[in-house]
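Note sheet for the following structure.
The values are calculated or read from the model by the stated rules, or taken from the named source; none is laboratory data. Keep in mind it's a predicted model, so treat the numbers as computed, not measured. Using ideal geometry, Cβ is built from the backbone for each residue, glycine included, and neighbour counts are taken over all protein chains shown.
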Amino acid sequence: MTRKSFVFAIASGAALVTLTTIGTWAQHAEVAPLGGVTKAVAVLHATKKGGDVHGKITFTQTPKGILVEGTVEGLTPGPHGFHVHEFGDCSSDDAMSAGGHFNPTNMPHAGPHDTKRHVGDLGNIEANDKGVAKIELLDSAISFSGAHSIIGRGLIVHAKADDLKSPPAGAAGDRVACGVVGVAKAAGMMSGTAPAKK
């Protein structure tokens, strides 16, 4: 075998190994595709006017939409507007830094069951006489990808009820809690980071 033929054989073998490795990786990628978010979470903290309002909300992908579940505590009894806002920025003491309702389709404000609505219009949550709101709702407008993605957006709880019609935000009053929707570790998901050294 000539030197040139020998080098070509080695190069061909390396290419075969590389292609085999890529093929194996692709098989795994079909199980857990890049960007395939299935669960998200938002931890809510009180604004300056929110007193002791706090909570945790999870978002889980289902075949029929995203399931929104969680608990918010420290509220006044009754309904409170509950919306996804444009920016994941809770830095100002009134949470106005989160911007307006997430509305990529430029629709009017409405209720969660209306066809023409802000993507972020999740309606109201109801606090009991102890100020605790238990949340469980299914929404097909919000998403974890594409133009309707809520990842990195703000989640706001308002002081009053959303009337589901008045622009721009349903006359829901002050923002009493704010959180940022982030990717959560789903069951069975492999961590993408190495464990910290002790």
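The one condition from (1) loosely packed, with under 14 Cβ neighbours inside 10 Å; (2) within 20 Å of V183 (Cα to Cα) that H113 does not meet is (2).
Tell me, please, whether a residue that is among the small types (G, A, S), assigned by TED's automatic domain parsing to the domain that holds I156 and surrounded by 17 or more Cβ atoms within 10 Å (Cβ to Cβ) can be found in region 56-66.
No.
Evaluate the following for A110: is it among the aliphatic types (A, V, I, L, M) and modelled with pLDDT of 95 or more?
Details: among the aliphatic types (A, V, I, L, M): yes; modelled with pLDDT of 95 or more: no.
Criteria not met by A110.
When we screen T2, T47 for residues that are over 24 Å from I142 (Cα atoms), out of contact with any Gly (no Cβ under 6 Å at 6 or more places or on another chain) and modelled with pLDDT of 95 or more, the only hit is T47. Only residues that are in a strand (DSSP E or B) and either surrounded by fewer than 17 Cβ atoms within 10 Å (Cβ to Cβ) or of a type in the set (G, A, S) (or both) were counted across region 74-98, and they come to 2.
Do we find a residue being under 24 Å from P112 (Cβ atoms) and either modelled with pLDDT under 95 or in a strand (DSSP E or B) (or both) anywhere in region 15-31? No, there is no match, as no residue in region 15-31 is under 24 Å from P112 (Cβ atoms) and either modelled with pLDDT under 95 or in a strand (DSSP E or B) (or both). Looking only at residues of region 84-99 that are over 12 Å from the mean Cα position of the chain (by Cα) and not hydroxyl-bearing (S, T, Y), we find that the one that is farthest from G111 (Cα to Cα) is D93.
For every residue, the table says whether it meets (1) closer than 16 Å to N103 by Cα; (2) assigned to a strand (DSSP E or B); (3) aromatic (F, W, Y); (4) at pLDDT 90 or above.
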site: L138; (1), (2), (3), (4): no, yes, no, yes
site: A147; (1), (2), (3), (4): yes, no, no, yes
site: L164; (1), (2), (3), (4): yes, no, no, yes
site: A172; (1), (2), (3), (4): no, no, no, yes
site: C178; (1), (2), (3), (4): no, yes, no, yes
site: K185; (1), (2), (3), (4): no, no, no, no
site: G192; (1), (2), (3), (4): no, no, no, no
site: K197; (1), (2), (3), (4): no, no, no, no
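Checking G88, G146, G100, G120 one by one, the residue that is closer than 25 Å to K48 by Cβ and out of contact with any strand residue (DSSP E or B) (no Cβ under 6 Å at 6 or more places or on another chain) is G100 and no other. Residue pairs whose Cβ atoms lie under 8 Å apart, separated by 6 or more positions or on different chains, with the first residue in region 60-74 and closer than 14 Å to A177 by Cα and the second acidic (D, E), are E73/D52; G74/D52.
Evaluated against (1) surrounded by 16 or more Cβ atoms within 10 Å (Cβ to Cβ); (2) in contact (Cβ under 8 Å) with a residue 60 or more places away in the chain, I125 falls short on exactly one condition, (2).
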